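What follows is a short report on a single structure.
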Amino acid sequence: MKRLLVLTQLAMTLSLGLAGLTGCGGGSSSTQTPSSPSSITSFTANRTSITDGSPAALTGVFANGTGVITPGNLPANSGVAVTVSPTTTATYTLTVTPTSGTAVTATATITVNPAPTITSFIAIPTTITTGSSATLTGVFANGTGVITPGSLTDTSGVGVTVSPTATTTYTLTVTNASGTAVTATAPLTVAGTVATSVTVDLASSGPAVTDKLLGMNMAVWYDLVSNQTGIVDAFQAAGITQVRWPGGSDSDLYHWATNSECDGGYADANDTFSNFVNDVAVPANLDVALTANYGSNGTCNGGGEPSEAAAWVTAALADGITPSHMTVGNEEYGSWEYDLHSTPNDPTIYAAAVVGTTGYYQSIKTASPNTLVGVDVDADNTTDGWDNTVLANARGSYDFVEYHYYPETPGEESDTFLVQQAAQELTTNINTLRSELTKWGNPGTPIYVGEIGGPYSNPGKQSWSIIQGLYAGQVLGEMMNDGVSRLTWWIGFGNCNGSNGNDSTSLYGWQDFGAYNVFSDGPSDSTCPGAGPIGTMSPTARAFQLFRQMAVNGQTVLTATVAGDTTDVRAYAATNPNGTALLLFNDNETTPQQVMVTLSGKSSSSSVNVTTYDKAIYDLSGSPTGTPPDPAGTSTWAPPITTSMGAQTLPLTLTLTPWSMNVVIIQ
């Protein structure tokens, strides 16, 4: 019974199971549902244009499949952004693959643009006056430039003229096609009025202008023959027209006939007087001034002899030159000067040696009537002092007086003093000499500045910096105004002082050497490293080179009046074959000076040319570290810069750069 029940249940189960598997018609009642095809609703980039290095997001919306973005094989989920940072323009593909069946794709392109760059953005000039203009120039790439304020369209390298009425900082914005922008700014200062004016009175008539201010000393210890080409080329390039020989205190030791010196002094074997004439004076077309030996005779056991001086000018005539000046002795008022007379450096004995039929004056004039004979003066203006004694006792026996000027004490140099006061103090001393000459009945006697420099000995770095250059330029302007007949700077060549002088950081300048000479002696003199090849011009020599444009014979000094900043702005003027010449200085180290130039009775100019030597040009001479040799890219001892301004309406506004000397020729 039990077994039969079990079988019955199994039979029922099987019967039910089969019934469940049987449909109408007796076939199978079960079918499989196929999978849905993949689809992509959208595939987009949130930024279709980007800058190199910037990100973008790719987002695909899709169904019924697995998403992959290429290039990169990046997994993608529907509706979820995927970040990419292409470096070049790229087309991305989204592929959605179902579990079975065919994959579907969609693409999105992202354009990559290079980043915008700005190399420079400057205003020229950086300071203007109300109503005048400046030029803004931007150099940029990979974008479109706009200058604000003003929304001014800018093209790389092309100036945009602006005329703001107030000080403005301009912004250059360069934007590329992706919208990435970079900026640079250029400040432009607007001065409401010109603080300083220079007025030239064209109706005025001052002293005659002379090129005899363009002079240099030379000395017997420097080899003239071996260095002849360098000397002549440099002198001609700078416009040097005068030379004094044989050199400072050595003049009272030197004997021209034997080319030798007393007291163990040195004269180079090549520096005979004939060689001096034939290798320097004649080829450089130099007017020659000689200093007669007052201190010693030929045997070095007594004072100088007028006959030696007379024989010297006689020899000069035989060599084909006429010395224009001969001075009796060098600085004989000073105890430092070699003098073997019974009482050395005595004004009474000195004057007695000048006068009389056998004295220096008559002896020289007899030998060379066209040679002017002069005496030493020191502008002491003291009763019974050197000047008053000599000018009184030698009256009638001198054609000119020779004065030397060294305003600084070694080790106590001051940039401010040398730039702003020293040249003007020289004028004070010249006026003192004139009062002395007037007192002794010779008011029109020519004054010859035979030696001039900064410190009276041991020069430091100031001597080869822009500082002495500015001083020298103002000296030349002052001496032109003062009607000084002749000037020779100490010294052209052959007197480098190395690092022995004042090279203090309190003095401006990159170099660590000083020199009396204002032209480089070249690499043969290693004590002035970085001074350049032989004949290279220091800033002082550049002052002479600039001044040659003003020192034109036959022209006349004009009155130039400065109003406003009379401490920093100095002005000198003269007639010129090309119109009117001005020599303008900005004695301020850091601040440009706006100067309005007026020529009386003149409202326009057909041409204005400005030649400038300034602190910025001097600075180019030194390396960024201040240690020569200069690195690539600098302009070693760069020359002045000339700017042609074309026709101009007058008055004319000029910007004088910091620590600058400027020659302006207005036609």
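Label point 7 Å out from T109 along Cα-to-Cβ: which residues of segment 130-147 have amide N under 13 Å?
Under 13 Å, as judged by backbone N against the label point of T109, lies no residue of segment 130-147.
On alpha-carbon atoms, Rg over Rh for segment 102-190 using Kirkwood Rh?
Details: Rg = 18.2 Å, Rh = 14.4 Å.
Checking Rg against Rh, the ratio lands at 1.26.
Residues of segment 224-294: accessible area per residue at 1.4 Å, in Å²? The partial results should precede the final answer.
On the way: 2210 Å² over 71 residues.
Heavy-atom accessible area per residue stands at 31 Å².
Using the C-alpha atoms of segment 46-200, what convex hull volume per residue, in cubic angstrom, is computed? Numbers along the way, then the final one.
Working: hull volume 17.3 nm³, N = 155.
Enclosed volume per residue, from the Cα hull, is 112 Å³.
In the calculated pair distance distribution of segment 180-288, what percentage of Cα-Cα distances lie above 19 Å?
Working: 3592 of 5886 pairs.
The proportion of pairs with Cα distances above 19 Å equals 61 percent.
If you plug each phi of segment 65-79 into the Karplus form 6.51 cos²θ - 1.76 cosθ + 1.60 with θ = phi - 60°, what whole-Hz ³J(HN,Hα) values come out, in order, with x for Gly and Pro?
Each residue's phi maps through the Karplus curve to give x, 9, x, 9, 9, 10, x, x, 6, 8, x, 10, 10, 4, x Hz.
If contacts are Cα pairs under 8 angstrom and at least 6 residues apart, what is the relative contact order of the chain in percent? Don't skip to the answer; put the middle values down first.
Details: 1604 pairs, mean separation 72.7, N = 667.
Result for the chain is 11 percent.
Taking a quarter of the surface of the Cα convex hull of the chain, what do you get in nm²?
53.1
Can you list the DSSP H helices in the chain whose Cα atoms extend at least 20 Å along the helix axis and whose mean Kyte-Doolittle hydropathy is 1.0 or higher? Intermediate results must be reported in sequence, preceding the final value.
Details: long enough: 2-20 (28 Å, 1.13); 422-439 (26 Å, -0.56); 466-482 (24 Å, 0.38).
Those that pass (Cα extent of 20 Å or more, hydropathy at least 1.0) are 2-20.
Cross-link candidates for K461: which lysines have Cα within less than 23 Å, leaving aside residues fewer than 8 places away along the same chain?
K615
If you take the C-alpha gyration tensor of segment 232-321, multiply each eigenvalue by 5 and take the square root, what semi-axes do you get, largest first, in whole Å? Could you put the intermediate results ahead of the total?
Details: eigenvalues 119, 37, 25 Å².
They are 24, 14, 11 Å, listed largest first.
Only Cα pairs under 8 Å and at least 6 apart count here; give the relative contact order of segment 86-149 as a rounded whole percent.
Details: 77 pairs, mean separation 17.1, N = 64.
Relative CO of segment 86-149 lands at 27 percent.
Take the alpha-carbon centre of segment 548-607, take the same for segment 301-315, and report the distance between them in whole Å.
Centre-to-centre distance over Cα atoms comes out at 46 Å.
What is the percent of Cα-Cα separations in segment 144-230 that go past 15 Å?
Working: 2884 of 3741 pairs.
Result: 77 percent of Cα pairs exceed 15 Å.
Along the principal axes of its C-alpha atoms, what lengths does segment 499-631 span, in descending order and rounded to whole Å?
Between the extreme Cα coordinates on each principal axis of segment 499-631 lie 54, 32, 26 Å.
Per residue, how much accessible surface does segment 469-519 expose to a 1.4 Å probe? Answer in Å², no decimals. Write down the numbers at each step before the final one.
Working: 1140 Å² over 51 residues.
Value for segment 469-519: 22 Å² per residue.
Normalised by the empirical 2.2 N^0.38 Å for globular proteins, what value does the Cα Rg of segment 49-130 take? Kindly include the intermediate steps, with their values, before the conclusion.
Values: Rg = 21.4 Å, N = 82, 2.2 N^0.38 = 11.7 Å.
So the Cα radius of gyration is 1.83 times the expected 2.2 N^0.38 Å.
May I ask you to give the average projected area over all directions of the convex hull of the Cα atoms of segment 445-501, in nm² rounded to one decimal?
Values: hull surface 16.8 nm².
Averaged projected hull area, Cα only: 4.2 nm².
Would you grab the residues whose amide H sits under 5 Å from the one on L372? Only those 5+ places off in sequence or on another chain, please, with H modelled 1.01 Å from N.
H325, M326
Calculate the tail of P(r) for segment 436-587: the fraction of all Cα-Cα distances greater than 20 Å, expressed in %. Please list the in-between numbers first.
On the way: 6326 of 11476 pairs.
That fraction is 55 percent.
Based on a Kirkwood Rh over C-alpha pairs, give the Stokes-Einstein translational diffusion coefficient of segment 487-569 at 10 °C and viscosity 1.306 mPa s in µm²/s.
Working: Rh = 15.2 Å.
Stokes-Einstein gives a translational diffusion coefficient of 104 µm²/s.
Taking amide H positions as placed in the peptide plane 1.01 Å from N, state which residues far from N588 in sequence (5 or more) or on other chains have amide H under 5 Å from it.
W659, S660
Sorted by packing (mean other beta-carbon atoms within 10 Å per residue), highest first, where do 268-276, 227-235 land?
Numbers: 268-276: 18.7, 227-235: 20.4.
So the peptides 268-276, 227-235, ranked by packing, come out 227-235, 268-276.
May I ask for the longest run of the chain untouched by trypsin sites (Lys or Arg not before Pro) that are loop-located per DSSP and have at most 16 neighbouring C-beta atoms (other than their own) within 10 Å? Walk me through the intermediate numbers first.
On the way: sites that count: R47, R395, K602.
So the longest stretch without any such site is 48-394.
Can you tell me the order of 401-413, 655-667 when each peptide is scored by its average per-residue count of other Cβ atoms within 10 angstrom, highest first?
655-667, 401-413
Tell me, what is the 1.4 Å probe accessible area of E589, in Å² to the nearest 10?
Near enough 80 Å² of accessible area.
At V552 and T97, where each label point lies 7 Å from the Cα along Cα→Cβ, what is the point-to-point distance in nanometres?
9.0
Skipping prolines and chain starts, which residues have an amide H placed within reach, meaning under 5 Å, of the one on T653, given they are 5 or more residues away or on another chain?
V597
For segment 599-610, take each phi angle, set θ = phi - 60°, evaluate the Karplus expression 6.51 cos²θ - 1.76 cosθ + 1.60, and give the result in whole Hz per residue in order, putting x for glycine and proline.
9, 4, x, 10, 10, 7, 9, 6, 6, 10, 10, 10
Quick one: putting +1 on the C-beta of Lys and Arg, -1 on the C-beta of Asp and Glu, what dipole do you get for the chain around its Cα centre, in Debye to the nearest 20?
Details: 16 positive and 49 negative charges, 1096 e Å.
My answer is approximately 5260 debye.
Between P306, Q362, W336, whose Cα lies farthest towards the positive end of the dipole of segment 238-382 when Lys and Arg beta carbons carry +1 and Asp and Glu beta carbons carry -1, centred on the Cα centre?
Q362
Residue by residue, what Karplus-based ³J(HN,Hα) values in Hz, rounded to whole numbers, does segment 563-579 have, using 6.51, -1.76 and 1.60 with θ = phi - 60° and x for Gly and Pro?
In residue order, the calculated couplings are 10, x, 7, 7, 7, 9, 10, 10, 9, 9, 9, 7, 5, 8, x, 9, x Hz.
With unit charges on the beta carbons (Lys and Arg positive, Asp and Glu negative) and the dipole taken about the Cα centre of the chain, which residue among N381, T105, T183 sits farthest to the positive side?
Towards the positive end, the residue furthest out is T105.
Three principal axis extents, largest first, for the C-alpha atoms of segment 345-392, in Å?
Taking the Cα atoms of segment 345-392, the three principal extents are 34, 17, 16 Å.
The values are calculated or read from the model by the stated rules, or taken from the named source; none is laboratory data. Everything numeric here is computed off the predicted structure, so don't read it as measured data. So basically every Cβ, Gly included, is an ideal-geometry build from the backbone, and we count neighbours across all protein chains shown. For accessibility, only protein heavy atoms count, side chains too; no ligands or nucleic acids. Shrake-Rupley method; radii C 1.70, N 1.55, O 1.52, S 1.80 Å.
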